[in-house]
Amino acid sequence: MEQDQTIKLSICMPTYNFGNYIGEALTCIIDQLVSGVEIVVLDGASTDNTQEIVSQYKNKCESLIYYRQDFKGGIDKDIAGVVALARGDYCWLLSSDDLIYPGAIQRIVSEIESGYDIYLCNRIECDINMKYIRELLWFKNSVEEKIFNLHDENDLLNYFRLSSSMLGTLFSYMSSIIFKKKRWDEVTDKEFAFGTCYAHAYVLFSFAQSSCLLKYIRDPLVLCRFGNDSFGNNGNVKRVAIDFDGYNKISEKLFSHNSRIIELFKTVVRKHYPFYKISKIKALSTNDEWQELRPKLLRIGYTPLYISLCEIIGKFKNIFLYLVQLKRFKENYFSKNIPLA
């Protein structure tokens, strides 16, 4: 890449021990690279072969920047770090085990010409081998491409009302997010939410303290690899607690002035965890785990009666074990390959 070339877009990839997948992710990106786009990989001291693999790609691609830390920073610090290294006008966060759909980079390069602060695209969900499971929409099916001003109270409330998944609209899933780096750099308290796994969501919602235009792109531009959630290494209860604790902290900090916004924000979280999911968590957790989770359920807005009903349903552990097995069978049986070229 020529030194004086304007970089429009930085594809920012924090990684840790994803050597089994990062090569496929880099191949997918490099095959689509256009002028004015760079790839920035920040390695949080991986102990596998990540460094070796990325170095091979770096030798072939001058648009690839690779920085290896000598410590494991954690996802919040690593996202902040990789964005700090980026030189583009916009940053696209991408997990190093996900892929981008053919033509996605050119689409985003064209989209950012409109100058909005945040772009949010949908995703295709795949199994661990990147076989198609389903397409997921972040908003209700009736919502076409739309511009939201997150600084406007009514528009922000409507944003939450129209949401069908916290994974997208609360920025839980980072690979769907493209944002203006200048706005990110203007947020002065990025470290507030470090340790929640959602510090990036805190920064993005901080944009809304002034005019913040978000464009919803209905098309899926990302392929998400299931079965590889590093947040879930400590079990289902602790994985759910990450969401409840993180989003409680974010909403109560940013929207303390408006209880309506906080309630709708938390409603989006609860939509992601309806009664059958909460009941399944109860069924598969120990009594101590459940007692630790229960106050978090109350804080995110579930009523005592709702929780009690989930507890009753959750007594039927064998049923939930069967349903889990059935779901896995269904996903494996109906999965199909996705053409990436």
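Bear in mind that the values in this text are calculations on the coordinates, not laboratory data. This is a predicted model, so every value here is computed, not measured. Here Cβ is always computed from backbone atoms with ideal geometry, including for glycine, and neighbour counts include all displayed protein chains.
Treating each Cα of the chain as an identical point scatterer and summing with the Debye formula, the log10 of I(q)/I(0) at q = 0.08, 0.15, 0.16 Å⁻¹ comes to -0.39, -1.40, -1.57. Sparse packing (at most 12 other Cβ atoms within 10 Å of the Cβ) combined with a DSSP loop state is found for the following chymotrypsin sites (Phe, Trp or Tyr not before Pro) in segment 16-81: Phe71. Which angle from 0 to 90°, rounded to the nearest 10, does the C-alpha axis of helix 304-313 make with the longest principal axis of the chain? Around 90 degrees separate the two axes. Using only the Cα atoms of segment 65-203, each taken as one equal point scatterer with no solvent, compute I(q) by the Debye sum, divide by I(0), and report log10 of the ratio at q = 0.10, 0.16 Å⁻¹. With one equal scatterer per Cα and no solvent, log10 I(q)/I(0) is -0.37, -0.99. Run through segment 1-86 and list the GluC sites (Glu not before Pro) located in a DSSP loop whose Cβ has at most 11 other Cβ atoms within 10 Å. For GluC sites (Glu not before Pro) across segment 1-86 that sit outside H, G, I, E and B with at most 11 neighbouring Cβ atoms in 10 Å, the list reads Glu2, Glu62. Farthest toward the positive end of the dipole of the chain, out of Ile281, Trp138, Cys12, is the Cα of Ile281, where the dipole comes from beta carbon charges about the Cα centre.
Helix 153-162 and the long axis of the chain differ in direction by around 70°, with both axes built from C-alpha atoms. Gap in Å between the Cα centre of segment 97-119 and the Cα centre of segment 231-299? Going from one Cα centre to the other spans 31 Å. Estimated from helical segments only, the mean residue ellipticity of the chain at 222 nm is -13500 deg cm²/dmol, where each DSSP H run of four or more residues counts as -39500 (n - 2.57). Full extension of the segment from Thr47 to Asp31, taken as 0.36 nm per residue of separation minus the current Cα-Cα distance, would add 3.0 nm.
Relative to one another, the C-alpha centroids of segment 58-77 and segment 137-171 are positioned 32 Å apart. Output the 0 to 90 degree angle, nearest 10, between the alpha-carbon long axis of helix 317-334 and the longest principal axis computed from the alpha carbons of the chain. Result, in degrees: 30. Ignoring lysines fewer than eight residues from Lys60 along the same chain, the ones with Cα atoms less than 26 angstrom from its Cα are Lys8. Full extension of the chain between Ser55 and Asp155 yields a length gain of 31.5 nm, computed as 0.36 nm times the residue separation minus the alpha carbon distance. Taking every C-alpha pair closer than 8 Å and separated by at least 6 residues, the mean separation divided by the residue count of the chain gives a relative contact order of 18 percent.
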